[in-house]
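Read through the structure below, which is laid out as structure tokens, and then see the notes.
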Amino acid sequence: MALRLEHRVEGEWDLRGSLAPLIHGRQDPTGASDDGFWRTSRTPEGPGTIRFEQDADRLLAEAWGPGADWLLSRAPDLAGANDRLEGFDPALHPKIRDLARRFPGLRIPRGWPVTELLVPIVLFQLVTWYEGVRAWSGACRRWGEPAPGPRELLLPPDPALLAETPYYAWIPLGALRKQAEAIQRVCRRRRRMEEAAEMSTEDASRRLQAIRGIGPWTAHSAMVRGMGHADAVVTGDIHLPHTVGWVLEREERGSDERMLELLEPWRGHRGRVVRLIMQSGWKHPRRGPKLAPRDLPRG
């Protein structure tokens, strides 16, 4: 039987736009977006599935499984409904002002289990989007389990299992050895990772990056997707500095240093500005050939 919650949300709020980064492609078996938003999780109280729905200014949530109470008690945070924009001034740049008007309800969710955020993001390191989607969906189908609730979804793989999974078991899924070993280290230190959920942006960044194989790209991706850190900027990305430079100053080529310089006026909300830019779909002009995905190993 489902447990239910209703919560009134203050201000503009866009459920799907806020939670979209938590689903890793259409093949992701741990989540889905239809007339609502579904997500499975291995909570501290056990496995659970939660479904969010937006009804005007109300958040409606249903949850199933042993983790249902845990999920519902955090539902407004998990859905981004409690995110606040104090100190954010989109009028500092006409493009950001226009994007804030276009996407007024974009919020930063917080409270999702940190290890569950990190593992799929690690699988997108150093590879194409297609390869990351393939490796994550394959891992869930190999090591996940049916999730509670009425929809056919899978739980993410148990971190305790992944902590003991050797790198070579990941190779048939298309994952790299570096990725597999980083996931193993994250899962072996998952208690330390979960402590980052209550830390400041600077301290959380340091804690996550204390794990070998977790750099600012991975750490800050997790922090801005599901840990509530509106100031976390993803650095080390191939395209993002060029996109930010193009949108803000029509500069075709950028760098992490230049991107941070351009975002400095919004310190405290720099990650929010990047989310708005990415939500717009704007991209910088690309000159070179696209990176082709690798074939899966045979045999």
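Would you say LEU106 is touching a helix residue (DSSP H, G or I) at 6+ places or on another chain (Cβ under 6 Å), touching a residue at least 60 places away in the same chain (Cβ under 8 Å), surrounded by 15 or more Cβ atoms within 10 Å (Cβ to Cβ) and closer than 30 Å to TYR130 by Cα? Spelling it out, LEU106 is indeed touching a helix residue (DSSP H, G or I) at 6+ places or on another chain (Cβ under 6 Å), touching a residue at least 60 places away in the same chain (Cβ under 8 Å), surrounded by 15 or more Cβ atoms within 10 Å (Cβ to Cβ) and closer than 30 Å to TYR130 by Cα. Look at (1) in contact (Cβ under 8 Å) with a residue 24 or more places away in the chain; (2) small (Gly, Ala, Ser); (3) in contact with a helix residue (DSSP H, G or I) (Cβ under 8 Å, 6 or more places away or on another chain) and you find that ALA147 fails only one, number (3). Listed by position, the helices (runs of 4 or more DSSP H) inside region 193-256 whose residues that are within 22 Å of GLN125 (Cα to Cα) and assigned by TED's automatic domain parsing to the domain that holds LEU118 number at least 2 are 201-209, 216-226.
Kindly evaluate ALA68 against the criterion of being in contact (Cβ under 8 Å) with a residue 60 or more places away in the chain, assigned by TED's automatic domain parsing to the domain that holds ALA20 and not acidic (Asp, Glu). Yes: the conditions hold for ALA68. Of the set (1) touching a residue at least 24 places away in the same chain (Cβ under 8 Å); (2) within 28 Å of ARG107 (Cβ to Cβ); (3) surrounded by fewer than 17 Cβ atoms within 10 Å (Cβ to Cβ), all apply to GLU198 but (1).
Filtering ARG74, ARG97, ARG102 for residues that are basic (Lys, Arg) and farther than 30 Å from GLU261 by Cβ leaves a single hit, ARG74.
Residues in region 72-101 that are of a type in the set (Lys, Arg), within 27 Å of GLY31 (Cα to Cα) and either touching a helix residue (DSSP H, G or I) at 6+ places or on another chain (Cβ under 7 Å) or without any contact (Cβ under 8 Å) to a residue 12 or more places away in the chain (or both): ARG84 alone.
Within region 216-275, the set of residues being closer than 28 Å to GLN179 by Cβ and among the acidic types (Asp, Glu) comprises ASP231, ASP237, ASP256, GLU257.
When region 90-99 is filtered for residues that are crowded, with 19+ Cβ neighbours inside 10 Å and touching a Phe, Trp or Tyr at 6+ places or on another chain (Cβ under 8 Å), only ILE96 remains.
Exactly one residue out of TRP13, TRP70, TRP38, TRP64 is within 20 Å of GLY271 (Cβ to Cβ) and among the aromatic types (Phe, Trp, Tyr): that is TRP13.
The values are calculated or read from the model by the stated rules, or taken from the named source; none is laboratory data. Because the structure is a prediction, the values reported are computed rather than measured. Backbone-built Cβ (ideal geometry, glycine too); neighbour counts: all protein chains shown.
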